[in-house]
């Protein structure tokens with residue numbers, strides 16, 4: 001075995017040593033950014049600065065965006081070879097544009113609607129009759145208004161100024177913002193505002209992506225693959241060391257940038273990309289179809305288009321590098337058997353990884369709150385945005401909790417665990433959970449046992465019953481206050497006594513008081529006063 005190891009080492013060094021040959025000319029790529037230089041494009045700066053593009057045979061030129069410049073138009077007109085786009089690429093694709101998405105960088109849209117609380121706006125419905133600015137491309141915010149029942153004429157849309165100055169000055173009631181940038185400025189200027197997120201209405205769009213022309217992807221697949229791989233490598237390193245990426249931005253691309261702003265943007269961007277839970281560049285066809293359905297609901301698409309050709313699929317990679325396959329192959333049958341085992345295990349692991357990613361995609365995009373709890377230590381392993389909102393906590397705060405901490409009645413949870421132990425699936429149950437501020441709320445919850453990231457877990461989905469419970473309480477109260485008398489009442493025509501169900505005659509007041517909340521006070525009507533006490537009428 002020692003000789004085999006030496007042989008492999010010699011082969012590896014020999015085959016990995018660069019050959020002395022004339023270098024091929026670099027392929028020039030013009031990459032159109034969506035906006036000016038900032039952390040939003042950190043991965044591309046890192047890939048360029050550290051030579052990853054050049055090592056891949058590319059000479060990449062990063063072109064900043066500006067008001068009036070549309071990255072899609074730049075790429076389609078061949079003024080750029082690739083660009084940073086949004087989910088509106090789907091609209092252009094449905095219209096016949098030759099675009100293909102190479103990699104999805106932002107797993108969640110950065111768009112939110114900032115509203116002025118001092119203008120009386122705290123909810124989407126408060127925007128009725130208000131004036132807002134919505135950036136082109138922020139279709140998810142228009143979808144939010146539509147989902148909440150606001151029609152186009154209910155809100156006045158003003159031209160977008162590509163600045164939050166009008167909003168900060170109070171000239172408009174609402175404006176679309178990037179959650180990773182503008183809130184930093186609004187907080188520093190002490191603007192009273194609130195962010196309305198489309199995800200609260202079940203609208204979870206992708207954000208920034210890397211795209212190119214379909215014909216370029218077909219004509220030069222190796223170039224496109226190199227651009228994608230080098231860019232993703234840059235993004236991985238940008239998130240691994242944000243301070244180094246910020247230094248690159250301030251040194252070469254935006255010397256006057258406030259480092260605190262870039263740190264804020266980096267932290268917020270990390271939450272949108274989620275590289276800890278979703279592989280960088282990953283995109284799910286089913287989620288794109290869901291986005292298409294939302295566009296169709298808004299009337300922006302006649303129907304969900306066929307996505308064939310819209311999502312770029314990289315060619316299958318070799319599981320092992322060429323030198324290792326050649327070297328192991330020289331070992332004969334034993335080597336082939338070893339390679340087969342490695343390939344089988346790797347493929348199995350990749351299938352499991354794909355399943356994990358799809359499960360996370362499902363949880364993130366689900367229209368109801370969903371949480372994952374570890375079966376052994378009972379800690380939260382995962383929570384989608386809807387669950388965090390329902391529990392009145394951030395996703396990070398939820399992950400720091402153990403499940404018993406959010407149950408109002410621990411015995412209710414113990415009963416659910418017993419049901420799960422017996423059948424693996426717990427029947428729907430109404431119980432109370434606790435929000436971050438300590439308030440309790442009713443939910444209808446359903447759970448099942450499963451595996452999550454290789455550990456036994458419980459996946460639960462729930463629906464907030466707070467409004468329903470409040471309505472039920474109001475109805476019960478109303479029924480208690482109004483105890484109506486129904487049917488035909490047998491009443492004596494002379495003394496006015498009423499015959500009850502047992503056949504006994506009761507005075508009118510006694511009968512009604514026993515069957516309602518009415519109370520009687522006695523007095524004299526005008527006619528009786530005149531007939532029975534005429535002397536009082538005469539004042540004698």
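The values are calculated or read from the model by the stated rules, or taken from the named source; none is laboratory data. Keep in mind that what you see is a predicted model, and the values were worked out from it rather than measured. Glycine gets a Cβ as well: all are built from the backbone with ideal geometry, and neighbour counts include every protein chain shown.
Annotations
- For the residues 266, 257, the requirement of being surrounded by fewer than 20 Cβ atoms within 10 Å (Cβ to Cβ) and within 19 Å of residue 40 (Cα to Cα) singles out 257.
- Residues in segment 390-406 that are closer than 17 Å to residue 374 by Cα and surrounded by fewer than 17 Cβ atoms within 10 Å (Cβ to Cβ) were compared, and the one that is modelled with the lowest pLDDT is 396.
- All positions within segment 274-296 that are within 17 Å of residue 102 (Cα to Cα), touching a helix residue (DSSP H, G or I) at 6+ places or on another chain (Cβ under 7 Å) and assigned to a helix (DSSP H, G or I): 287, 288
- Among the candidates 97, 80, residue that is assigned to a loop (DSSP other than H, G, I, E, B), within 27 Å of residue 313 (Cα to Cα), more than 30 Å from the chain's Cα centre (by Cα) and in the same structural domain as residue 238 (by TED's automatic domain parsing): 80
- The single residue among 176, 200 that is crowded, with 20+ Cβ neighbours inside 10 Å and outside any loop (DSSP other than H, G, I, E, B) turns out to be 176.
- Residue count for segment 30-56, restricted to those that are out of contact with any helix residue (DSSP H, G or I) (no Cβ under 6 Å at 6 or more places or on another chain) and farther than 18 Å from residue 249 by Cβ: 3
- Of residues in segment 58-77 being modelled with pLDDT of 95 or more and part of a loop (DSSP other than H, G, I, E, B), the one farthest from residue 137 (Cα to Cα): 77
- Test: residue in segment 101-118 that is over 27 Å from the mean Cα position of the chain (by Cα) and surrounded by fewer than 22 Cβ atoms within 10 Å (Cβ to Cβ): yes
For every residue, the table says whether it meets (1) assigned to a loop (DSSP other than H, G, I, E, B); (2) in contact with a helix residue (DSSP H, G or I) (Cβ under 7 Å, 6 or more places away or on another chain); (3) surrounded by fewer than 14 Cβ atoms within 10 Å (Cβ to Cβ); (4) modelled with pLDDT of 80 or more.
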{"residue": "457", "(1), (2), (3), (4)": "no, no, no, yes"}
{"residue": "468", "(1), (2), (3), (4)": "no, no, yes, no"}
{"residue": "477", "(1), (2), (3), (4)": "no, no, yes, no"}
{"residue": "486", "(1), (2), (3), (4)": "yes, no, yes, no"}
{"residue": "489", "(1), (2), (3), (4)": "yes, no, yes, no"}
{"residue": "527", "(1), (2), (3), (4)": "no, no, yes, no"}
{"residue": "535", "(1), (2), (3), (4)": "no, no, yes, no"}
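- Filter result (at pLDDT below 90 and outside any loop (DSSP other than H, G, I, E, B)) within segment 297-318: 297
- Checking each residue in segment 380-389 for being farther than 20 Å from residue 203 by Cβ and surrounded by 21 or more Cβ atoms within 10 Å (Cβ to Cβ) picks out 380, 382.
- Restricting segment 417-434 to residues that are modelled with pLDDT of 70 or more and closer than 20 Å to residue 464 by Cβ, the residue that is surrounded by the fewest Cβ atoms within 10 Å (Cβ to Cβ): 428
- Restricted to segment 230-244, and to residues there that are surrounded by 13 or more Cβ atoms within 10 Å (Cβ to Cβ) and more than 26 Å from the chain's Cα centre (by Cα), the residue that is nearest to residue 311 (Cα to Cα) is 230.
Table: residues versus (1) over 26 Å from residue 41 (Cβ atoms); (2) in contact (Cβ under 8 Å) with a residue 60 or more places away in the chain; (3) under 23 Å from the mean Cα position of the chain (by Cα); (4) assigned to a helix (DSSP H, G or I).
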| residue | (1), (2), (3), (4) |
| --- | --- |
| 137 | no, no, yes, no |
| 146 | yes, yes, yes, yes |
| 149 | yes, no, yes, no |
| 153 | yes, no, no, yes |
| 170 | yes, no, no, no |
| 180 | no, yes, yes, no |
| 190 | yes, no, no, no |
| 211 | no, yes, yes, no |
| 222 | no, no, no, yes |
